[in-house]
Amino acid sequence: MKHYVARLGTAALVLGALARPAGAQLLGNPVYFSPKQPTGLTLALDFGSTLNLKYDGVKYVVGGESVKPNNLGARATLGLPVITIGVGVGIYSPDVTVAGISADKETQFMGNAALKLFSPPLVPIGLSLQVGAGYLKAGSVKTISVPIGLGVAIKPPTPGLSVEVWGAPRLQFNAVSVTGGGSRAQAGIGASGGVNLGMPMGLGLHLAVDYAKLSAKASAGTGSLTLPETQTMVFGAGLHYTFTIPGLPIVPII
């Protein structure tokens, strides 16, 4: 019995150390942009899966298997003529198993705001500046993720179907803290891109890929954290529905 308890305790400590979040907003999910976001309320269901995760240039492997965290969540975005405001929640799965024990799934939260810099209704090109923040607590590790990016979209005329193709380079900042172990901040770069498809009744599909790279942080002294260089590649897909709001200008639905 003592050996079993010790095994459980050791596994819990290892899981807490291994379930290290990577750079994104809702971790395990792409950072979505929509420079031609329609006015109205858009509700989205998302699934994201990590295609590749590296620490210090080495693929993250536990028990001989590549670790690929994923996210299942939902977002709500209010599109106004000049700005959009969004909130979201997700269930983050670290995809880590040690000694037969799986790391717990955790709830994460996000919010973002975007300013439409250029998005005339009759011009197929849109440009927006977006900033967001996400929060996740996985075991003893807390992560606040802040992406700041510039999105560019092309929305060609397509009768009967709305198509928005977009790309967005960004700066990525993460603040990581460990209970009783200090805190550190990482900075890096990222980029995401994808396509939003929509039908006239408001239902749509969205697909995206996301890449982020965060710089390593060496120990700054006793009690400080050492953070590895982190690289992630994430794929995301989901469904969304846009409700028009009376009184707001109506634009083609994405």
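Where a number appears in this text, it was derived from the coordinates with a stated rule and is not lab data. Only a predicted model underlies this, so the values are computations on that prediction, with no experimental measurement involved. Positions of Cβ are backbone-derived with ideal geometry, glycine not excepted, and every protein chain shown enters the neighbour counts.
Describe numerically, in nm with one decimal, the distance between label points set 7 Å from Cα along Cα→Cβ at Met201 and at Ala216.
5.5 nm
Would you tally the net charge around Ile144, using a Cβ to Cβ cut-off of less than 12 Å, leaving Ile144 out, and scoring K and R as +1, D and E as -1?
So the environment of Ile144 carries a net charge of +3.
Using a Förster distance of 30 angstrom, determine the FRET efficiency expected from the C-beta separation of Tyr55 and Val165, and round it to 0.05.
0.40
With a sphere of radius 14 Å drawn around the Cβ of Ser215, what net charge do the other residues whose Cβ falls strictly inside it have (Lys, Arg +1; Asp, Glu -1)?
Local net charge: +2.
Return, ordered by residue number, the residues of segment 90-123 whose backbone nitrogen is under 20 Å from a label point located 7 Å along Cα→Cβ of Ser140.
94-107
Taking 7 Å along the Cα-to-C-beta vector as the label spot, tell me the Ile125-Ala237 distance in nanometres, rounded to one decimal.
3.2 nm
Excluding Ser162 itself, calculate the net charge of residues whose Cβ lies under 11 Å from the Cβ of Ser162, where each Lys or Arg counts +1 and each Asp or Glu counts -1.
It works out to a net charge of +1.
Starting at the first residue of segment 56-68, write each ³J(HN,Hα) from the Karplus equation 6.51 cos²θ - 1.76 cosθ + 1.60 with θ = phi - 60°, in whole Hz, x for Gly and Pro.
6, x, 10, 4, 6, 10, 10, x, x, 10, 5, 8, 9
Quick one: order Asp56, Asp104, Asp46 by neighbouring beta-carbon count within 10 Å, fewest to most.
Taking fewest neighbouring Cβ atoms as first place, the list is Asp56, Asp104, Asp46.
Compute the Cα gyration tensor for segment 2-243, then decide on rounded, prolate or oblate, letting a ≥ b ≥ c be the square roots of its eigenvalues: rounded whenever a/c is under 1.5, prolate when a/b is larger than b/c in the other cases, and oblate in all that remain.
Prolate.
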